[in-house]
Amino acid sequence: MSEPIVIRCRENGPLVVHGAVKLVDHLGNEFAVPPGKEFVALCRCGQSKNRPLCDGSHRTCGFQAPELAPV
């Protein structure tokens, strides 16, 4: 059985998906993901100019998402 894909919620930042992924829109069209990357960062703040990928805009727009998983 293969290991599950890990999605990490970065504090006040993107969702980081570890491992090889194929990212598609609602019509099935594939987004260009840089080849050879071991992770993909997905925008949560809504301000990225490269959505759905993160471009670091969360650092300057005041985005806050400090959620933690229950212990």
Failed item in (1) part of a helix (DSSP H, G or I); (2) farther than 12 Å from Asn12 by Cβ, with Thr60 passing the rest: (2)
Considering residues of segment 23-48 that are in a loop (DSSP other than H, G, I, E, B) and under 16 Å from Gly13 (Cβ atoms) only, the residue most open to solvent (accessible area, probe 1.4 Å): Gln47
Condition broken by Cys43, with the remaining ones in (1) touching a His at 6+ places or on another chain (Cβ under 6 Å); (2) at pLDDT 95 or above; (3) under 24 Å from Pro4 (Cβ atoms) satisfied: (1)
Top-ranked residue of segment 1-22 - restricted to ones that are among the basic types (Lys, Arg) and in a loop (DSSP other than H, G, I, E, B), ranked as nearest to Glu67 (Cα to Cα): Arg10
Members of segment 33-47 found to be in contact with a strand residue (DSSP E or B) (Cβ under 9 Å, 6 or more places away or on another chain) and not charged (D, E, K, R), listed by number: Val33, Pro34, Phe39, Val40, Ala41, Leu42, Cys43
Leading residue by the ranking (surrounded by the most Cβ atoms within 10 Å (Cβ to Cβ)) among those in segment 1-18 that are farther than 10 Å from Arg44 by Cβ and either touching a helix residue (DSSP H, G or I) at 6+ places or on another chain (Cβ under 8 Å) or β-branched (Val, Ile, Thr) (or both): Val17
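The values are calculated or read from the model by the stated rules, or taken from the named source; none is laboratory data. Model, not experiment: these values are computed from the prediction. Please note: Cβ atoms are built from the backbone with ideal geometry, for glycine as well, and neighbour counts cover all protein chains shown. Surface accessibility is based on the protein's heavy atoms, side chains included, excluding ligands, DNA and RNA. Shrake-Rupley method; radii C 1.70, N 1.55, O 1.52, S 1.80 Å.
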